[in-house]
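Take a look at the structure set out below.
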Amino acid sequence: MVSNLAKENFQNWIASWGKRHSSEISDFKETVYLIRKSPLTMVGLAVILILTIMAIFAPYIAPYDPVTMHLDNRLASPSRAHLLGTDELGRDILSRIIYGAGVALKIVLIVLAIDLPLGILLGLAAGYFGGWIDEIIMRTADIFMAFPRLILAMAIGTALGPSLRNTMIAIALTMWPVYARLARGETLSIKERTFIEAERALGTSNFRILVFNILPICISTLIVRATLDMGNIIRIAAGMSFLGLGAQPPTPDWGLMVSTGRNFLVNQWWVPTFPGFAILLAVFGFNLLGDGIRDISDPHLRRGRQ
Amino acid sequence: MAKEILLEIKDLRVNFYTYRGVVKALNGVNLKIYEGEFFGLVGETGCGKSVTASAVLNLVQNPGKIEEGEIFFKEKNLLKMNKEEIREKIRGKEITMIMQYPIAALNPVMNNGDQIAEALIANKNMNESEARKRTIKLLREVNIPEPEKIARQFPHQLSGGMAQRVMIAMMLSTEPSLLIADEPTTALDVSIQAQVLSLLKDLISKHKATVLLITHDLSVVAETCSRVGVMYAGDMVEVGTVDQIINNPQHPYTKGLIKAIPSDQSKELVEIRGSVPDLVNPPSGCRFHPRCDYAKPICKKEKPQVLQVEKDHMTACFLYEERHDKRSKEEYKGGANGRADSA
């Protein structure tokens with residue numbers, strides 16, 4: 001009896017879920033509709049999805065091990081056994097590209113996981129409190145932004161010593177000022193708005209105002225910026241690996257593959273070309289998706305929610 | 001009125017330090033608000049009504065600065081409290097404020113219910129489910145139909161009147177003893193204005209709160225308030241009951257304001273000549289003297305003292321000072337007929 005009642009309650013709860021969340025559902029549907037309407041976003045999304053699947057399921061998809069050498073089969077041209085050929089140590093290039101997706105995505109995610117919170121924290125503090133806190137944070141940011149990003153990342157990478165981990169730290173250190181500035185700008189404009197004044201009149205603490213009132217509004221801008229930056233991160237990481245500052249052999253990193261393969265460009269073109277294409281496609285995909293997300297999150301494009 | 005004084009402002013001076021110079025926004029304002037009353041503060045735009053309100057909450061924004069004066073709330077000097085203390089004990093708990101544009105005063109990315117619940121959780125230490133139940137109750141109290149639905153909606157989906165009700169619910173949620181309403185009906189159309197005002201009146205008597213209503217609309221004051229203060233260019237020029245202010249204004253500025261209300265009898269629209277002075281260089285003496293029809297030489301030199309013209313009725317004008325000295329001098333027409341003797 002009791003369990004029946006509980007079951008019925010649960011069923012009602014499930015059944016009413018759609019009704020209770022109707023506005024969220026229709027919003028989600030609209031988002032899907034807007035993505036489908038924009039072919040370029042779809043292409044970007046597809047590329048990123050393929051990349052993600054490659055990264056997660058690499059051991060199951062890749063036909064060969066990415067690091068085992070087969071010196072008897074060096075520099076084999078593309079064939080049915082090795083679709084994209086083999087490199088100077090006889091490793092299957094397709095497998096290395098598939099494993100390389102994981103390396104690239106890992107760099108992107110870790111750099112953003114450092115920079116988004118850091119940028120938000122510093123930007124909110126600078127914008128909200130102003131005064132000397134603002135001066136210290138923003139002048140530090142200015143110093144970081146005074147150097148070209150790749151050059152600064154290289155300098156930091158060299159100082160820390162070449163490795164994948166240090167590359168991520170170096171890139172993260174060059175990117176945070178962008179997010180801090182963005183968060184600060186948003187905070188400056190939001191904090192002057194009437195509802196913040198109303199919150200103050202209610203005696204809300206600075207912490208609550210920052211976390212519950214300012215952060216939710218500026219986070220969307222930052223996320224759009226972050227998606228647009230994902231391509232950049234891959235590009236810089238590849239550049240650093242190419243210069244020998246990033247991933248070290250035998251890591252299947254795309255930049256590294258282009259770097260070691262460039263000696264064979266004339267006679268065995270497939271060795272550097274395919275990893276290069278992989279970089280191109282990944283950056284392209286992230287940029288398309290970033291643009292798409294920016295357009296979709298534009299409130300002028302969306303209909304009013306009812 | 002033998003009631004207790006809830007809020008007393010003594011000689012409050014607020015300056016704004018701007019590029020153009022020091023704006024002397026409040027020039028020694030005195031004000032007493034008794035417990036349980038509905039006090040109206042009227043005046044033109046820029047006369048310092050809102051600055052007075054934000055000074056009470058110690059929320060005068062940069063570049064403004066409270067120069068001197070005292071604000072006693074329940075016999076505690078708010079200006080002597082430190083920032084944390086005033087935030088934790090006064091704002092939201094004892095004094096809350098309703099803003100002019102309700103839709104702008106609600107967080108656009110938080111739904112209406114969450115905003116009220118948020119105020120309850122932060123100020124009343126309620127847990128979430130308690131706060132939610134209370135929210136629905138509050139929304140029902142401010143006459144919102146389908147409170148469950150409205151609680152799930154966002155501020156942009158509300159009309160101005162609805163948003164103002166949500167705002168009122170939010171500001172009354174913490175059961176404050178003083179509610180400052182800063183032009184609560186300016187952004188609303190007339191019929192909604194009346195609804196919101198009567199709702200406010202009902203709720204106030206129910207919650208036993210006191211209201212400081214800031215407005216530039218004398219009809220709003222006439223409808224709702226028990227006592228009125230008239231401000232001009234940073235000075236409190238006249239304080240009295242609604243009846244006294246509307247039917248028997250004493251200060252030339254108040255008289256001008258009352259005359260300027262369009263009526264059926266007069267075809268002409270009467271105005272107060274001149275315009276609001278620049279508060280960077282305010283007129284010397286009485287700040288109203290350049291626009292005053294009754295100005296005398298002394299008005300240029302000295303600031304008039306606040307005088308009692310009758311019971312509960314004060315004004316700051318030399319007309320009455322003289323009358324007070326020499327008794328019933330009828331030289332200045334339109335004044336009270338010898339009422340000045342009770343002081």
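In region B:62-88, the qualifying residues are those that are surrounded by fewer than 16 Cβ atoms within 10 Å (Cβ to Cβ), over 17 Å from B:L31 (Cβ atoms) and out of contact with any Ser or Thr (no Cβ under 7 Å at 6 or more places or on another chain), and the one that is nearest to the other protein chains (Cβ to nearest Cβ) is B:E88. Filtering A:P117, A:P148 for residues that are without any contact (Cβ under 8 Å) to a residue 12 or more places away in the chain and closer than 30 Å to A:M54 by Cα leaves a single hit, A:P117.
Note on region B:249-277: residues that are of a type in the set (D, E, K, R) and at pLDDT 85 or above amount to 1. May I ask you to verify whether B:P176 is surrounded by 19 or more Cβ atoms within 10 Å (Cβ to Cβ), touching a Lys or Arg at 6+ places or on another chain (Cβ under 9 Å) and either in contact (Cβ under 8 Å) with a residue 24 or more places away in the chain or assigned to a helix (DSSP H, G or I) (or both)? For B:P176, the condition - surrounded by 19 or more Cβ atoms within 10 Å (Cβ to Cβ), touching a Lys or Arg at 6+ places or on another chain (Cβ under 9 Å) and either in contact (Cβ under 8 Å) with a residue 24 or more places away in the chain or assigned to a helix (DSSP H, G or I) (or both) - is met.
Can you pull out every residue in region A:125-153 that is among the aliphatic types (A, V, I, L, M) and within 23 Å of B:P63 (Cβ to Cβ)?
First, the residues of region A:125-153 that are among the aliphatic types (A, V, I, L, M): A:125-126, A:133, A:136-138, A:141, A:143, A:145-146, A:150-153.
Those that are among the aliphatic types (A, V, I, L, M) and within 23 Å of B:P63 (Cβ to Cβ): A:A125, A:A126, A:I133, A:I136, A:I137, A:M138.
Reported count of residues in region B:15-31, each being under 30 Å from B:H207 (Cα atoms) and in a loop (DSSP other than H, G, I, E, B), is 0. Looking across region B:89-105 at every residue that is at the interface with chain A (Cβ under 7 Å from one of its Cβ atoms) and farther than 19 Å from B:P176 by Cα, the one that is surrounded by the fewest Cβ atoms within 10 Å (Cβ to Cβ) is identified as B:A104.
Total residues in region B:260-318 satisfying the condition of being under 20 Å from B:P249 (Cα atoms) and polar (S, T, N, Q): the figure is 6.
State whether one or more residues within region B:84-91 are in the same structural domain as B:S173 (by TED's automatic domain parsing) and in contact (Cβ under 8 Å) with a residue 40 or more places away in the chain. Scanning region B:84-91 turns up no residue that is in the same structural domain as B:S173 (by TED's automatic domain parsing) and in contact (Cβ under 8 Å) with a residue 40 or more places away in the chain. Listed by first and then second residue, the pairs linking a residue in region B:145-156 that is without any contact (Cβ under 8 Å) to a residue 60 or more places away in the chain to a residue that is among the charged types (D, E, K, R) and assigned to a helix (DSSP H, G or I), with Cβ atoms under 6 Å apart and 6 or more places separating them unless they lie on different chains, are B:P147/B:R140.
The test for being surrounded by fewer than 20 Cβ atoms within 10 Å (Cβ to Cβ), touching a residue at least 12 places away in the same chain (Cβ under 8 Å) and more than 14 Å from chain B (Cβ to nearest Cβ) holds for A:T158.
Scanning region A:161-195 for residues that are among the β-branched types (V, I, T) and buried (at least 19 other Cβ atoms within 10 Å of the Cβ) yields A:T167, A:I171, A:T174, A:V178, A:T187, A:I190. Checking every residue in region B:83-98 against the condition of being within 30 Å of A:P299 (Cβ to Cβ) and under 20 Å from the mean Cα position of the chain (by Cα) gives at least one match. Give me a count of the residues in region A:110-149 that are exposed (fewer than 15 other Cβ atoms within 10 Å of the Cβ) and under 20 Å from the mean Cα position of the chain (by Cα). The qualifying residues number 2. Entry remark, region A:187-204: residues being within 12 Å of chain B (Cβ to nearest Cβ) and either aromatic (F, W, Y) or more than 18 Å from B:A163 (Cα to Cα) (or both) number 7 in total.
Once region A:31-58 is narrowed to residues that are more than 14 Å from the chain's Cα centre (by Cα), part of a helix (DSSP H, G or I) and among the polar types (S, T, N, Q), the residue that is surrounded by the fewest Cβ atoms within 10 Å (Cβ to Cβ) is A:T31. Restricting region B:113-132 to residues that are part of a loop (DSSP other than H, G, I, E, B) and touching a helix residue (DSSP H, G or I) at 6+ places or on another chain (Cβ under 8 Å), the residue that is nearest to the other protein chains (Cβ to nearest Cβ) is B:M126.
Being within 14 Å of another protein chain (Cβ to nearest Cβ) and not charged (D, E, K, R), is that true of even one residue in region A:268-288? Among the residues of region A:268-288, not one is within 14 Å of another protein chain (Cβ to nearest Cβ) and not charged (D, E, K, R), which makes the answer no.
Could you please find all residues in region A:1-17 being closer than 23 Å to B:R152 by Cβ, more than 14 Å from every other protein chain (Cβ to nearest Cβ) and surrounded by 10 or more Cβ atoms within 10 Å (Cβ to Cβ)? First the steps, then the outcome.
Initial filter on region A:1-17 (closer than 23 Å to B:R152 by Cβ): A:9-17.
Subsequent filtering for residues that are more than 14 Å from every other protein chain (Cβ to nearest Cβ) retains A:9-15.
Selection gives A:N9, A:F10, A:Q11, A:N12, A:W13.
In region A:263-283, the residues that are of a type outside the set (A, V, I, L, M, F, W, C) form Cβ pairs under 7 Å with partners that are assigned to a loop (DSSP other than H, G, I, E, B) and surrounded by fewer than 19 Cβ atoms within 10 Å (Cβ to Cβ), at six or more places apart or across chains, as follows: A:Q268/A:L75; A:P272/A:L265. Among the residues making up region B:102-136, those that are polar (S, T, N, Q) and more than 27 Å from the chain's Cα centre (by Cα) are B:N111, B:N125, B:N127, B:S129, B:T135.
The values are calculated or read from the model by the stated rules, or taken from the named source; none is laboratory data. Predicted model only: the values in this text are computed from it and were never measured. Here Cβ is always computed from backbone atoms with ideal geometry, including for glycine, and neighbour counts include all displayed protein chains.
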